[in-house]
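What follows is calculated from the coordinates using simple rules that are stated; it is not laboratory data. Everything quoted here is computed from the prediction, not taken from an experiment. Cβ atoms come from the backbone with ideal geometry, glycine included; neighbour counts cover every protein chain shown.
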Ligand code: NDP
């Protein structure tokens, strides 16, 4: 068997075209979706991420602003910035680029964002709503994965889903979303015993660990859907996933590639939720 490759890049391109039309419709009603990204300090990876988000927003016609602040900014100053942006009607989405400098408590900052404008879906109110089955803003990576599963017509109900990784931004919300679609969900992590045996039970295997090529074919049930969230660099600096794709694709039924799999969907869902947030303001 050779796995069907699930292209996040293709789905992203499709969703981008739909979103462009949505933005045009909103503009006809005098609403321009707005996204503000707050960047504190000079972290070079963060600067690249922020540039990519700004570029994508501009392509879609979303009003996008990046507010840059010096590394030495205080927590109180940043809280004041968030307060101002919460009240600014031009912005339907607020994103604080992580990591923040060490002297700033990022939990405190993320909790200060108005939940309606929390397009990253990290606010405790949004997390709580997801857990009680009333999602509003959803963390973008797992949301993007759900869109991919839908696009490739993967049947979720009654299936065994195993999520490896329990972070607040990927693993936990991923498990909740699969549960909402009536999968039987197992969450595995670094203390899980016999990980390969647990993973091999999965019809749908989501891998969000952060260890390059850790998941070999011995972890995969024949025909399983394997979603590789990992973004790691190998010794040559090449981007690789958590899944050893060359051998897993011989066993799996479906597989997401790295790059062009889950990655492009994350940024797409960020834009998607910004537009959703702008639409809600119309109602
Ligand atoms: P975290 O480091 O926050 O979480 C990693 C999880 O993997 C933890 O729950 C940890 O367990 C578990 N883990 C670590 N080692 C093992 C092991 N040997 N066996 C089983 N479980 C293990 O990472 P994130 O969730 O933030 O990210 C995971 C990966 O996904 C990273 O490579 C990251 O770069 C990538 N990522 C990609 C995105 C995209 O857009 N494509 C977006 C976000 C992340 P424990 O809790 O016990 O420590």
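How do the peptides 123-129, 44-50 rank, highest first, by the average count of neighbouring beta carbon atoms within 10 Å per residue? Could the numbers behind the result be given before it?
Details: 123-129: 16.9, 44-50: 13.6.
Answer by packing, highest mean first, reads 123-129, 44-50.
The spread of Cα positions in the stretch 30-115, taken along each principal axis and listed from longest to shortest, comes to 39, 28, 17 Å. Residues of the stretch 108-150 with an amide N closer than 20 Å to a point placed 7 Å from the Cα of residue 21 along the Cα-to-Cβ direction: 147-148, 150. Computed from the alpha carbon atoms alone, the convex hull of the stretch 80-237 holds 156 Å³ per residue.
Rg then Dmax, both in Å and based on the Cα atoms of the stretch 208-247: 10.2, 31.
Evaluated at q = 0.17 Å⁻¹, the base-10 log of the normalised Debye intensity for the stretch 136-187, with identical point scatterers placed on the Cα atoms, takes the values -0.45.
Tell me the relative contact order for the chain as a rounded percent, counting alpha carbon contacts under 8 Å between residues six or more apart.
On the way: 558 pairs, mean separation 63.1, N = 283.
Taking the mean separation of contacting Cα pairs over the length of the chain, I get 22 percent.
Averaging the sequence gap over all C-alpha pairs within less than 8 Å and six or more residues apart, then dividing by the number of residues, gives the stretch 30-115 a relative contact order of 41 percent. Over the chain, DSSP H runs of length four or greater, each weighted -39,500 (n - 2.57), average out per residue to a 222 nm ellipticity of -13000 deg cm²/dmol. Averaging the Cα positions of each part gives two centres, and for the stretch 132-180 and the stretch 69-110 these lie 28 Å apart. For the chain, the pair-distance distribution built from all alpha carbon pairs, in bins 5 Å wide starting at 0, is 1, 6, 12, 16, 18, 16, 13, 10, 6, 3, 1, 0 percent.
Here the contact order of the stretch 198-246, divided by its residue count and restricted to Cα pairs under 8 Å and six or more residues apart, works out to 43 percent.
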